[in-house]
Amino acid sequence: MADNKPTLHHMNCSQSQRILWLLEELNIEYNLISHERNPPDHPTRPYHSPPSLVAAGHYGKAPLLITGAKDGSRPIPESSAIATYLIRTFDTEDKFGLKNGDWIRDETLVSINSTTFNHVSIQALMFDWGVLKANDAGPNFPSSGKGYWSVLGDLEYELKNGPKGGYFMGEHPGRADIMLEFQIAMVKQRNWADLKTDYPLLDAWLERVYARDAWKRGMAKGNGYDLSMFPKIPERR
Ligand SMILES: N[C@@H](CCC(=O)N[C@@H](CS)C(=O)NCC(=O)O)C(=O)O
């Protein structure tokens, strides 16, 4: 009989680390294929996906999940679709609350993560890389300002006013917690904001995530998670 063991294509220092975390939380068997980002001195694609990951599927990015044979060995190239698939398929006890939990809250937070939050983070990266300059930014500059990072204030508000238990979705991390880890790790590791001082609940949330056994197991199986590896280019204007 066909089994349903998924395969994760993972890359170091990337958002697929959160999918490794999820797989460990689900406590299921899976195959792991680890890829290493191209080196900084790569002639055409520094820091990008290596040829092995490009060859793995049309999108050539991490994460890429291939479902087990029972589900058609189907490639899923997007983090939130992967998270939804894995939880719907393997969370038989509904620990993540996708069946009977507050799915509207979960969906709202996942949407904030992939729209507003992602938008501001990409802009912050463009500052780091010197593609955007201070003068281009308009009234919200500098990027470390609270106005610029109002999405962090929104998430702090959600932790304060949401269900008790320490996670966005309550006592157990939900899909939203899994998805938000990467974006908040980017802010922390790249020093875009002072989480401890300005967003203490978010900071404590991240520490709580990193103290989980499943997170630690995922980190041990991964191949590095240094999101500051892409260097800052000094402001020239
Ligand atoms: N929208 C995708 C984005 C995937 C993505 O951009 N992954 C990055 C790693 S953080 C990547 O593989 N970059 C390599 C490249 O662009 O060559 C998702 O949410 O999973």
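Some values worked out for this structure:
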{"quantity": "Cβ crowding within 10 Å averaged over residues, with 160-170, 19-29 ranked highest first", "calculated": "19-29, 160-170"}
{"quantity": "Relative contact order for the chain, counting Cα pairs under 8 Å that sit 6 or more residues apart, in percent", "calculated": "25 percent"}
{"quantity": "Neighbourhood net charge (14 Å Cβ-Cβ; Lys/Arg +1, Asp/Glu -1) for residue 51", "calculated": "+2"}
{"quantity": "Gain in span if fully extended, residue 230 to residue 93, counting 0.36 nm per residue against the direct Cα distance", "calculated": "45.4 nm"}
{"quantity": "Cα-based reach from residue 5 at 16 Å (exclusive), listing aspartates and glutamates while leaving out same-chain residues under 8 positions away", "calculated": "24, 25, 29, 71, 91"}
{"quantity": "13 Å Cα-Cα reach of residue 70 towards aspartates and glutamates, excluding residues that sit fewer than 8 places from it in its own chain", "calculated": "3"}
{"quantity": "Distance between modelled label sites at residue 107 and residue 33, nm, 7 Å Cα→Cβ extension", "calculated": "3.3 nm"}
{"quantity": "Filter on 99/221; 188/232; 95/160; 133/232 - keep pairs with C-alpha separation over 18 Å", "calculated": "99/221; 95/160"}
{"quantity": "Segment residue 191-residue 122, length gained on full extension (0.36 nm per residue, minus Cα span)", "calculated": "23.4 nm"}
{"quantity": "Length gained when the stretch residue 133-residue 3 is fully extended (0.36 nm per residue, less Cα-Cα span)", "calculated": "41.6 nm"}
{"quantity": "Hydrodynamic radius (Kirkwood) for the chain, which is based on Cα pairs only, to one decimal in Å", "calculated": "18.8 Å"}
{"quantity": "Cα gyration tensor, the stretch 1-114 - rounded (a/c under 1.5), prolate or oblate", "calculated": "oblate"}
{"quantity": "Pairwise label distance in nanometres, residue 161 with residue 70, each label 7 Å out on the Cα-Cβ vector", "calculated": "4.2 nm"}
{"quantity": "Of all DSSP beta bridges in the chain, antiparallel share, percent nearest 5", "calculated": "55 percent"}
{"quantity": "Cβ-placed point charges (K, R +1; D, E -1), dipole of the chain about Cα centre in debye, nearest 20", "calculated": "460 debye"}
{"quantity": "222 nm mean residue ellipticity, helices alone, for the chain (DSSP H n ≥ 4; -39,500 (n - 2.57); rounded to 500)", "calculated": "-12000 deg cm²/dmol"}
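Throughout, read-outs are computed from the coordinates displayed, never taken from laboratory work. What you see is a predicted model, and the numbers here were worked out from it, not measured in a lab. Here Cβ is always computed from backbone atoms with ideal geometry, including for glycine, and neighbour counts include all displayed protein chains.
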